[in-house]
There are 2 protein chains.
Amino acid sequence: MAKNQKLEDVLFYLIEKTNKVIRRYSQVRFSEAGLEITVDQWLVLKKISDSERITQIELANAIFKDRASITRILDLLLEKKLVTKEAGADRRAYELTLTAAGEKFMEQAFMIVKNVRKKGIESLTEKEQDQLRQSLQKIINSLE
Amino acid sequence: MAKNQKLEDVLFYLIEKTNKVIRRYSQVRFSEAGLEITVDQWLVLKKISDSERITQIELANAIFKDRASITRILDLLLEKKLVTKEAGADRRAYELTLTAAGEKFMEQAFMIVKNVRKKGIESLTEKEQDQLRQSLQKIINSLE
DNA sequence: GCCATATTGTTGATATATCAACGGTAAACC
DNA sequence: GGTTTACCGTTGATATATCAACAATATGGC
């Protein structure tokens, strides 16, 4: 009858914890490999890398961020010269692409990312992974 | 052989998305109910409420936050007079408790929280919930 | 008891999240 | 074609995340 559970027994608390553990683990691996980047900056680079052509709004939607956050993260990536911003046909928007340095960076980062993913799911069977995906998607569908 | 998947196919991306959807949905429900609080502030209040006696470090560990974040969140909750900070036996630390207003606030918030949890898991069977918990715990164990 | 070391909490600096307001541009409408 | 409306990105304000440095206090070894 929907009691007032202790925090540790709440499913959503476990999701929050899992997310934080993944992020912290990833950040430590990046840093110790000498890759001076945050997890959020990696997410932005990855999505640009996945896309032929992408604007800031599309990017924001794809990785669940606000337009304002994207502006600021891009400022840092531009400083690091990993990304270029070019005016597109629609002169309100920009087209984002990785520089050569950006692509090289992502190749190096992939070595780390690959290992994080592997280690994270090492104790899950294929079936468990599928079920996990499906259950998470159901939660999203219920709340979105 | 660990290919370079598209972001949308990565399990950890789905976990991040789920977490954000839950947080945003919760925040909207709080706001529209007139409860002027953030999800993180609620987490702090909830953990204090669950505990007989708790220090800031214990609190930080329990909800995966930094000592510095706890200090600043508590500053806001003190301003709102929802929490008290009293010197304990160890004079470096404080004992945190809810005020009467804090307890009343949490009762109101529970109406919202209960509904969020219910709606979030409405399409999951008990068994699916259990499997979800177990899989998430396995990921945590692998990376922590 | 004294000293070296560890712990608790605070503060500053930087990165990110969110909301609201704004300027510039495009699209829709008439 | 001019006006209204919608959209894209930026900026400011506030909240949170993380790291490092610091003051106050506690603890352990001697």
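Summed over the range A:85-103, the residues that are away from chain B (no Cβ under 14 Å) and either out of contact with any helix residue (DSSP H, G or I) (no Cβ under 8 Å at 6 or more places or on another chain) or in a helix (DSSP H, G or I) (or both) give a count of 12.
Residues in the range B:122-136 that are under 23 Å from A:G120 (Cβ atoms) and either touching a Ser or Thr at 6+ places or on another chain (Cβ under 6 Å) or within 7 Å of another protein chain (Cβ to nearest Cβ) (or both): how many? Break it down into steps so the answer makes sense when it comes.
First, pick out the residues of the range B:122-136 that are under 23 Å from A:G120 (Cβ atoms): B:124, B:128-136.
Cutting the leftovers down to either touching a Ser or Thr at 6+ places or on another chain (Cβ under 6 Å) or within 7 Å of another protein chain (Cβ to nearest Cβ) (or both) gives us B:124, B:128-129, B:131-133, B:135-136.
Adding up the residues that qualify gives 8.
State whether one or more residues within the range B:118-135 are within 30 Å of A:S26 (Cα to Cα), of a type in the set (G, A, S), crowded, with 19+ Cβ neighbours inside 10 Å and within 12 Å of DNA strand C (Cβ to nearest atom). Within the range B:118-135 (the criterion being within 30 Å of A:S26 (Cα to Cα), of a type in the set (G, A, S), crowded, with 19+ Cβ neighbours inside 10 Å and within 12 Å of DNA strand C (Cβ to nearest atom)), the answer is no, since none of the residues qualifies.
The set of residues from the range A:49-67 being within 12 Å of DNA strand D (Cβ to nearest atom) and under 26 Å from A:V28 (Cα atoms) comprises A:L59, A:A60, A:A62, A:K65, A:D66. Across the range A:16-37, the number of residues qualifying as under 18 Å from B:F64 (Cα atoms) and touching a residue at least 24 places away in the same chain (Cβ under 8 Å) comes to 3. Restricting A:T84, A:T55, A:T71 to those that are among the β-branched types (V, I, T), free of Cβ contacts under 8 Å to residues at least 24 places away in the same chain and in contact with a strand residue (DSSP E or B) (Cβ under 8 Å, 6 or more places away or on another chain) reduces the list to A:T84. Restricting B:E103, B:E36, B:E107, B:E79 to those that are within 18 Å of the chain's Cα centre (by Cα), within 11 Å of DNA strand D (Cβ to nearest atom) and over 28 Å from A:R24 (Cβ atoms) reduces the list to B:E36. If the condition is being more than 9 Å from every other protein chain (Cβ to nearest Cβ) and in a helix (DSSP H, G or I), then the range A:1-38 contributes A:D9, A:Q27, A:V28, A:R29, A:F30, A:S31, A:E32.
Listed here are the residues, each with its yes/no results for (1) crowded, with 19+ Cβ neighbours inside 10 Å; (2) over 19 Å from A:L14 (Cβ atoms); (3) within 13 Å of DNA strand C (Cβ to nearest atom).
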| residue | (1), (2), (3) |
| --- | --- |
| B:D40 | no, no, yes |
| B:L59 | yes, no, yes |
| B:A68 | no, yes, yes |
| B:T71 | no, yes, yes |
| B:D75 | no, yes, yes |
| B:E79 | no, yes, yes |
| B:K85 | no, yes, yes |
| B:E95 | no, yes, yes |
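Of all residues in the range B:44-52, at least one satisfies being in contact with a helix residue (DSSP H, G or I) (Cβ under 6 Å, 6 or more places away or on another chain), β-branched (V, I, T) and either more than 10 Å from every other protein chain (Cβ to nearest Cβ) or farther than 30 Å from A:K118 by Cβ (or both).
The residues listed here are A:R53, A:R67; of these, the one that is closer than 24 Å to B:T18 by Cα and of a type in the set (D, E, K, R) is A:R67.
Taken together, the values in this text are just the output of simple stated rules run on the coordinates, not laboratory data. These figures come from a predicted structure and were not determined experimentally. Note that each Cβ is placed from the backbone with ideal geometry, even for glycine, and that neighbours are counted across all protein chains shown.
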